[in-house]
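The values are calculated or read from the model by the stated rules, or taken from the named source; none is laboratory data. All values reported here derive from a predicted model rather than from experimental measurement. For neighbour counting, all protein chains shown are included, and Cβ atoms are generated from backbone atoms with ideal geometry for every residue, glycine included. For the accessible areas, the whole protein counts, side chains as well, though only heavy atoms, and no ligand, DNA or RNA atoms are used. Shrake-Rupley method; radii C 1.70, N 1.55, O 1.52, S 1.80 Å.
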Amino acid sequence: MARVIVVTSGKGGVGKTTTSASIAAGLAKRGNKTAVIDFDVGLRNLDLIMGCERRVVYDFVNVVNNEATLQQSLIKDKRLENLFILPASQTRDKDALSVEGVEKVIAGLKDMGFEYIICDSPAGIEKGAQLAMYYADDAIVTTNPEVSSVRDSDRILGILSSKTAKAEKGEEVKQHLVLNRYSPERAASGDMLSVTDVLEILGIPLLGVVPESEAVLQSSNAGIPVILDADADAGQAYEDIIARFLGEDKPHRFIEAEKKGFFQKLFGG
């Protein structure tokens, strides 16, 4: 049975697409047939982060409008045989999508044997974001440790509980929290919210903390999901997130400030 996962937040610039790319790549890396859909019609960033922007011929809206088939529009990742990308259109606006169109695409992906369907939501709480989460079984709520980002994520939780297909049937979309761009040192000094602060405000289970890392920008610029960089702390954080999502018991990392040894303190390391 396929699981539909929306990666959402409300606020822009918090790392949704980075998270979508790494979640999709991580699931595919473990042998699961995975599709990731870019719902950000008009902007289209997922294909850049996945490194397949030059291979886009048809897109999500073409499938919805019966201008192309799913088979024609899906881009097979060159690194992971189980990973496929459905890009957004750059020439249409969000009104090009409808509940019926999204249902058709997701049903088609399920018929093709996909085990996981990742929906990369646009920013905001308007139509595009609501369509991305409408058919979700799971929601990965992505936020930064700042008040405005957490507040917007709290609004998203309200929509997940009231305006999804599951909510209409009296069921729940399973909610998970990914906290991006976290610095334990800055949280300790009061420059950003702590993990505890965020959990108290949102009240949903923590799937993982992704540290502030230069590797994220470097990987995005190179068109490689950061989870595929095994040496990067952010890549390791996303590996942990995949493990927890799949039910493995993984201790949380990157939450506590690293304790300095004697020589680090002495020489300022």
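Computed quantities for the displayed model
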item	result
Average Cα contact separation per residue, the stretch 169-241, under 8 Å, 6 or more apart, as relative contact order %	29 percent
Top of ILE159, ILE201, ILE117 by mean-square fluctuation, Gaussian network on the chain, Cα under 10 Å	ILE201
Which labelled figure in (i) 17.5, 57; (ii) 26.9, 94; (iii) 18.4, 67 is Rg and Dmax of the Cα atoms in Å, once derived from the coordinates	(iii)
Span from the the stretch 139-181 Cα centroid across to the the stretch 10-29 one, whole angstrom	15 Å
Per-pair calculated FRET efficiency, R0 = 30 Å: GLU100 and ARG30 via Cβ, rounded to 0.05	0.40
Virtual spin-label span in nm between SER161 and ASP231, 7 Å along Cα→Cβ	4.5 nm
Within the accessible area of the chain (1.4 Å probe), percent carbon and sulfur	48 percent
Length-normalised contact order for the chain - Cα pairs under 8 Å, 6+ apart - percent	23 percent
Global size of the stretch 1-102 as Cα Rg and Dmax, reported in angstrom	13.0, 35
Global form of the stretch 148-241, assessed from the alpha-carbon gyration tensor, a/c cut-off 1.5	oblate
The stretch 58-98: relative contact order as a whole-number percent, Cα under 8 Å and 6+ apart	41 percent
Given LYS33/LYS127; LYS78/LYS163; LYS78/LYS169; LYS76/LYS104; LYS78/LYS166; LYS76/LYS169, the pairs whose alpha carbons are separated by over 32 Å	LYS78/LYS163; LYS78/LYS169; LYS78/LYS166; LYS76/LYS169
Solvent-accessible heavy-atom area per residue, rounded to whole Å², over the chain at 1.4 Å	46 Å²
Gain upon complete extension [LYS110, GLU67; 0.36 nm per residue less C-alpha separation]	13.5 nm
Distance (nanometres) between label positions extended 7 Å along Cα→Cβ at SER183 and LYS76	4.4 nm
